[in-house]
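Accompanying notes for the structure given below.
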Amino acid sequence: MSARRRGGARWAARALVALQGLCVLAPLAVVVLWSVTASWPWPALLPESWSARGIEELFGPGRDTGSVLAGSIALALACALLTTVVATLAARALSRYRFRGREAVRFAVLLPFLIPSTVFAMGVQVAFLRAGLAGTAAGVVLAHAIVALPYAALIMMDALDAVGTRLEEQARLCGAGAVRTWIHVTVPLLLPAMLSAASMAYIMSFSQYFITLLIGAGKVKTLALVMFPYLSSGDRTIASAYGVVFLGATLLVFFLFEVLLRKRTAQEIDYFEG
Amino acid sequence: MAHDALALRRARRALAPYLLLAPALVLVAVFLFGVVNGLLQGFGIMPFLGMTTFTLDYWAQVLTRPDLVESVGFSLYLALVSSLMALLGGIGLAAALVAVRQTRLAALIDVQIPLMCAHILVVLFMVSLFAGSGLVPRILSGLGLVQGPADFPSIVGAPSGWGIIAVYVWKEVPFVAFCTVTLMDHVSDRFGEAAATAGASPVRAFLSVTLPLCRGALAKAFLVVFAFAFGAYEVPFLLGPTLPKALPVLAYLEFQNPDILNRCVAMALNGVMAVVTSAAAIGYFAVLKREGRAR
């Protein structure tokens, strides 16, 4: 009886996982199809004829999609680097030290989860203008890092708690100084988490629309800004072509981070067992 | 000498956390500066224009405008429905992933890909599925349930905001699952087995052991989703009806007004938004505290 019930539950779980997979992949497939569609008359389930018009219009002569894309990726990588470094340092302070104001700082770091970024962006716009940061890539990276910080900080705090202090203490007992321990023991242990924090910050920055619109002041163009007007109306082929490029850039960088991570993990196993 | 060295080390140890936190505190300070500056503008304080007198005029103007109640209500409705559905779906998805011993591929497709997709990209996804020319109406027409593209309810501008909710649910179900799946796996490994051994059915073990132990993580994820759906601009701007407007859309509309004094109105609307999300956060901490005491 119990084994049968358990079998039923497992079957239901499999079905749910498969259903979610379908919900995720179906719209991706439709967007990819639309991006190379010439005509898709109602109510056919598949396009009738194909064309490269979407991609040609995006990257054809006189269009700057290529440079906008490169700019967005560079911006997001800068944000990922800045956010990860800041979050790692902050997480170390928050999870390894007991000090006055610790709870307040922890709350403040996580505050962008609670206060909408629209409130922040509209409020800070004048200050960024007056500081000369509006309309610059540096200003946009700074604003993106601010909203990405809580995600990265949470990932790093969890990782530090999971890694624990045992190996660090051993290194210290063997005579390594604090800095050497940090570089040779803690950072390698934290690297997987740092890569996932970086990939989270990259995605946050690459996906941002409203903050880039306000802080970029029309001078910093990202792919999200350029594709925005096409999304809910107009030419479906062009919109989908933008969508495919956007999705491609996100996935590409994610898999790059994954490959780095795998390489790193493989090395570590060699290091401990070899 | 030895005493000095010890004192120095102690001082360094006391100072270290603040040094490590310095860069994060700069980012936090800019965030707080922006938020506070904005909220002050809602009270008519704009030093860069020489306005320094505190006034409640703009708040009074905002609180008495006829469209405010509807906007707040619409945003609350969008955020509550989206986050509740994301919570339920996320619990289901996390439990399913734990039960199938989530393989890498399942975790990648079910959770990580949606986490990577920008909200504006998901707008395109939902439009591709549900707009008149989208896949779902085509399938329904194949089944004889829909006659033509115009028969299917429009996803853009629907007063029920179902398209907005669809975007948030697609995006946040995996987010809630992501926030809870590790903990749930751990809990069901340790306690779920025990409950099963004691004779509880899998569903009962899940409802009475695993779920209560994951309550904290679930509450946090719910709050993050709620605050986001309440305050985000892109999705309701692209898919929302002309009236009522979601609160962030209304605030940005006022913000764009060429008359700079109108910014005070926009900022008062932002103030209303901050009040609502803060209230949600206070409620959350109250729940956490009560639970802490109960334990």
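All of the numbers you see were taken from the coordinates with simple rules; none came from a lab. Remember, it's a predicted structure, so these values are computed and weren't measured experimentally. Every residue, glycine among them, receives a Cβ derived from its backbone with ideal geometry; neighbour counts consider all protein chains shown.
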Using the Kirkwood formula on the Cα atoms of region A:63-273, what hydrodynamic radius do you get, in angstrom to one decimal? 18.9
Quickly work out the B:Thr242-to-B:Arg10 label distance, labels modelled 7 Å from Cα along the C-beta direction, and quote it in nm with one decimal. 7.3
With no solvent and one point on each alpha carbon, what is the Debye value of log10 I(q)/I(0) for the protein assembly as shown at q = 0.07, 0.08, 0.11 Å⁻¹? -0.46, -0.60, -1.14
Rounded to the nearest 10, the angle in degrees between the Cα long axis of helix A:117-130 and the longest principal axis of the Cα atoms of chain A comes to 90
Check every DSSP H run in chain B and write down those whose alpha carbon atoms cover 20 angstrom or more along the long axis and whose mean Kyte-Doolittle hydropathy is -0.5 or greater. B:2-41, B:66-99, B:162-187, B:215-231, B:263-294
Enumerate the calculated ³J(HN,Hα) couplings along region A:82-96 in order (Karplus 6.51 cos²θ - 1.76 cosθ + 1.60, θ = phi - 60°), each rounded to whole Hz, writing x wherever the residue is Gly or Pro. 4, 4, 5, 5, 4, 5, 5, 4, 5, 5, 4, 4, 6, 9, 10
Which value results for Rg/Rh of region B:208-266 when Rg is the Cα radius of gyration and Rh the Kirkwood radius based on the inverse mean 1/r? 1.26
What angle do you read, to the nearest 10 degrees and between 0 and 90, between the alpha-carbon axis of helix A:137-163 and the longest principal axis of chain A? 50
A chain fully extended from B:Leu56 to B:Arg104 at 0.36 nm per residue, minus the present Cα-Cα distance, gains in nm 11.7 nm
Folded to 0 to 90 degrees: helix A:2-35 orientation relative to chain A principal axis, Cα: 50
From the square roots a ≥ b ≥ c of the eigenvalues of the alpha-carbon gyration tensor of chain B, which class results: rounded (a/c under 1.5), prolate (a/b over b/c), or oblate? oblate
